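One structure is given here, and the rest of the page talks about it.
The values are calculated or read from the model by the stated rules, or taken from the named source; none is laboratory data. All figures in this text were calculated on a predicted structure; none of them were measured in a lab. Don't worry about glycine lacking a Cβ; one is built from the backbone with ideal geometry, like all the others, and counts go over all protein chains shown. Ligands, DNA and RNA are excluded from the accessible area calculation, which covers all protein heavy atoms including side chains. Shrake-Rupley method; radii C 1.70, N 1.55, O 1.52, S 1.80 Å.
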Amino acid sequence: MKAYKTSDGDVRLFRPDLNIQRMQRTANMLTLPEFDGDEFLVLLKHLLKLDASWVPDSNSASLYIRPTYISTDPVIGVRPPTEARLFVITGPVGPYYEQKGTDLFKAVKLMADPAYVRAWEGGIGAYKAGGNYAPTLKVQQVAASRGCQQVLWLYGDDLQMTEAGTMNFFVFWTNEQGETELITAPLDSGLILPGVTRQSVLDLTREWGEFKVTERMVTMPEFLRAIESDRVIEVFGCGTACMIAPIDSMLFENKDIPIPTMSSGAVLSQRLFTTLSDIQVGKTEHPWSVSIYS
């Protein structure tokens, strides 16, 4: 998660309850001892009061917060731990992707190659575990060598579009029934990390009630048909690090696939980015934004 400084000097957390609940689910999956989420938030706020001067006074930067939970059993072996250490690393960060000048909303390109798989059914892809991240770094290098900023993770014989790098993946289009629809992969497959930004995008757009919002898998062939028939409006990824990252092209089967996100004005992506940013830095009062002094 991140801490943000408001214009009046307050320091805010964004939906810390969801972040803590996700960590508790992961700890349970990895057989780490249970911990009290409410007490953890109290201690986290105390740490951030001590580190408040490290929170950047900037709309484009924040203090990154990395809770870490490891086994500390005094033995070498493979078994559920009986002792563990929960600690927090913090550090100031700027925009996740390299930007030009003051442009904080630059589109990225994805490499879509079914030779690489991030998660699979029955695995731990839905959990915030370090083992889900380290194996993706080599693939990220492959993507960079092909002129892409991130990887679109495909899964299965039908090439399900699951996640984009470390981001949840969204498509905004006109579906085959003629409805304007925002769609993202569901959580029930076990392939998708339940991102806090993902949930916030779903909550906001459902609250707006302006178009259909759906959680289901989209396959690459289905997406390509929509591209060919000019039904795709925008594509974006979302996550704590980048918040909203518009996607304007993909590399698939050695072919560049243009996506009209930016040429269509990236209206939804920009609206979500602005709405979430305003909540995070306190421009818009919202229960999702929690002061460390509360």
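The residues listed here are 66, 79; of these, the one that is in a strand (DSSP E or B) and open to solvent by 60 Å² or more (accessible area, probe 1.4 Å) is 66. Remark: pairs (first residue in segment 106-134, more than 21 Å from residue 18 (Cα to Cα); second residue open to solvent by 70 Å² or more (accessible area, probe 1.4 Å) and not aromatic (Phe, Trp, Tyr); Cβ separation under 6 Å; 6+ apart in sequence or on different chains) = 107/262; 108/149; 109/149; 111/146.
All conditions but one from (1) among the basic types (Lys, Arg); (2) buried (at least 21 other Cβ atoms within 10 Å of the Cβ); (3) closer than 27 Å to residue 262 by Cα apply to residue 118; the one that does not is (3).
Within segment 150-205, the set of residues being free of Cβ contacts under 8 Å to residues at least 40 places away in the same chain, of a type in the set (A, V, I, L, M) and over 19 Å from residue 266 (Cα atoms) comprises 185 only. Across segment 149-171, the qualifying residues are those that are within 17 Å of residue 120 (Cα to Cα) and of a type in the set (Phe, Trp, Tyr), and the one among them that is most open to solvent (accessible area, probe 1.4 Å) is 155. Each residue in segment 150-165 was checked for being under 14 Å from the mean Cα position of the chain (by Cα), of a type in the set (Asp, Glu) and more than 16 Å from residue 187 (Cβ to Cβ), and 0 of them qualify. Among the residues of segment 226-248, those that are open to solvent by less than 20 Å² (accessible area, probe 1.4 Å), over 13 Å from residue 270 (Cβ atoms) and of a type in the set (Gly, Ala, Ser) comprise 226, 237, 239.
Here is the figure for segment 82-93: residues that are more than 16 Å from residue 50 (Cβ to Cβ) and either outside any strand (DSSP E or B) or at pLDDT 95 or above (or both) total 5.
Checked across segment 133-148, the condition of being among the hydroxyl-bearing types (Ser, Thr, Tyr), under 30 Å from residue 207 (Cβ atoms) and open to solvent by 20 Å² or more (accessible area, probe 1.4 Å) holds for no residue.
Given the residues 95, 56, which is the only one that is open to solvent by 40 Å² or more (accessible area, probe 1.4 Å), under 30 Å from residue 269 (Cα atoms) and either in contact with a Lys or Arg (Cβ under 7 Å, 6 or more places away or on another chain) or in contact (Cβ under 8 Å) with a residue 60 or more places away in the chain (or both)? First the steps, then the outcome.
Working: 56 fails: open to solvent by 40 Å² or more (accessible area, probe 1.4 Å).
None of the other options fit; the residue is 95.
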